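> First, the structure itself, so that you have it in front of you.
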Amino acid sequence: ETQLTTAKANQTRCITQVRNAIERGFGRLKQWKFADSVFNTEYVPIIGAIMKILCAVDNVYFSNLVRDSDDALATAKVIISNLQLENEVISLEADTIGWRKANTSDISSIIPLYDDNDIKKFS
């Protein structure tokens, strides 16, 4: 169940990345007067053709919604590799003996040390 929960969370992050570009695309299409509100029913037979034209014009004359770059590729690879990660935190059991005041030496053994590269990898 732990691995399933982590996989689901990582899938959600992956879907969010894709949805971001799609939603920005919809937003850009809505900037056209024709597509900014409810369509008149007389356009139903040709709505597909009209939207293809608007998308083609957008593709030719406007900037890309997603920029190709080494950083974007690296981020995508990290997201894909994280889809199979197991959540190690869930497997740690809490001390159920009772409450007591903690100090930094108590938690230093359970919190791993991360450097800048680790933080970039996970964020």
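> When region 36-64 is examined, which residues are found to be touching a helix residue (DSSP H, G or I) at 6+ places or on another chain (Cβ under 8 Å) and open to solvent by 90 Å² or more (accessible area, probe 1.4 Å)?
PHE62
> I've got another one for you. Could you tell me whether VAL66 is in a loop (DSSP other than H, G, I, E, B) and within 27 Å of the chain's Cα centre (by Cα)?
yes
> Taking region 65-88 only, how many residues are under 21 Å from GLY27 (Cα atoms) and open to solvent by 100 Å² or more (accessible area, probe 1.4 Å)?
Total meeting the criteria: 2.
The values are calculated or read from the model by the stated rules, or taken from the named source; none is laboratory data. It should be emphasised that the depicted structure is a prediction, and the values quoted were computed from it without experimental measurement. Every residue, glycine as well, gets a Cβ built from its backbone with ideal geometry; the counts of neighbours run over all protein chains shown. The protein model used for the area step is the full one, side chains on, heavy atoms only, and it has no ligands, DNA or RNA in it. Shrake-Rupley method; radii C 1.70, N 1.55, O 1.52, S 1.80 Å.
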